[in-house]
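Shown next, in structure tokens, is the structure this report addresses.
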Amino acid sequence: MKTLRVVFFSLFKIIIVILMTSCSMSENKTFVQLTNTPLSDKSVSVGSLEEEPIRFGVVSIMSIRETHRLYYNFKKYLEEQLGRPIEIIQTQTYSEMKELFERNEIDAGIVCSYLAVIGSRDEILKKIAMPVINGEKKFTSYIITQKNSEINSLEDLYNKSFAFSDPLSYSGYLVTKYDIMKGKNDFNKYFSNTYFTYSHDNTIIAVSNGLVDAGATHSSIFEKLKSGNNPIVDNIIIIGEGEYVGQSPIVVNPNIDDEFIKQLTDVVLNMHLNEKGKVALNKLSFDYFDLPEKELYEPITQILEEIENLK
């Protein structure tokens, strides 16, 4: 498969226009600063947090500026409740976030369900809470294309161009790979061209504007755009879905202090009972956080095992 880690320049122009439109009413907001400075390998302990910020990781499944806007209230709420500064560490890819946990350079974060599963397996992180979104603890992958594309199934996508979000994304990569391999197809030769957009909204935009024939995206992101009457989804149809799995959880570095893990867990599980917490949750389109349910993430483990057997 010809895999290109690029997005067309025209896509960036489209994104810029959309961001300028969507953010024009909130120019006075303070955004979380993207951190590119070197990180220490010091693990968090409750006693040291008065001097050291809590390093909280976020992967940009939305565009960078939108992610900053969405997480601002969440950051401020955690700082107030924990009495500690929060340093938001934002990465573009899930692989970069995985590396931060492997090197003990991050204390907690919100990661995709795929990374949560393999991270738990490799003992580099552990789940402490999962969001409930529109009453749902689960999400899936949508395979999308334009309404007038004459593409109605995965079989119709042979030798077509396709947009993925990230190689470590369940909804934006793994489900499609698994479905193709189940059909006894060579995944690396199935599409004419593939692109990694590193953002679910970018994938939707790429499909909507005909930059690719189809793509795989996160159902919750798509439904949020649809419920907001965003015209970018008006000419899109869903031609496939994956198995539903648990939402992207909050995870912590297992090497950090147990007392801090308990404190952070209590804070996020009770956010919906606090007015400022409700505001932060609303910005993220979360209803509330609940304890993670192991069985909701087991389908990912099963898919990974089956992919190994199909090789």
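For the range 169-251, the fraction of C-alpha pairs farther apart than 20 angstrom is 36 percent. Amide H contacts under 5 Å for R55: E87, D107, A108, restricted to partners 5 or more places along the chain or on a different chain, H placed in the peptide plane at 1.01 Å from N.
In what order do E123, E243 fall by count of nearby beta-carbon atoms within 10 Å, going from fewest to most?
Details: E123 9, E243 14.
Taking fewest neighbouring Cβ atoms as first place, the list is E123, E243.
Here's how it looks for A129: its modeled amide H is under 5 Å from those of I250, which are all 5 or more places away or on a different chain. Where does the charge balance sit around A214 when Lys and Arg score +1, Asp and Glu -1, over other residues with C-beta under 13 Å from its C-beta? Residues near A214 contribute -3 overall.
Per-residue Karplus couplings for the range 119-126, computed as 6.51 cos²θ - 1.76 cosθ + 1.60 with θ equal to phi - 60°, are listed in order as x, 5, 4, 8, 6, 9, 7, 9 Hz, Gly and Pro entered as x. Relative to its residue count, the range 92-162 spans a Cα convex hull of 159 Å³ per residue. Largest first and in whole Å, the equivalent-ellipsoid semi-axes of the range 131-191 read 23, 15, 10, each the square root of five times a Cα gyration tensor eigenvalue. Subtracting the Cα-Cα distance of E155 and K283 from their residue separation scaled by 0.36 nm leaves 42.3 nm. Among D287, D213, D166, sorting on how many other beta-carbon atoms sit within 10 Å of each Cβ, with the fewest leading, yields D287, D213, D166. Coupling constants for the range 128-136 follow from the phi torsions by the Karplus curve (6.51 cos²θ - 1.76 cosθ + 1.60, θ = phi - 60°), and in residue order they are 10, 7, 10, x, 9, 10, 6, x, 10 Hz; glycine and proline get x. Annotation for the range 50-122: GluC sites (Glu not before Pro) lying in DSSP loop with at most 13 further Cβ atoms inside 10 Å of their Cβ are E50, E51.
Every number in this text was worked out from the coordinates using simple rules, so none of it is lab data. Since the structure is predicted, the reported quantities are computational estimates derived from the model, not experimental observations. No Cβ is skipped: glycine too gets one built from the backbone with ideal geometry, and neighbour counts run over all protein chains shown.
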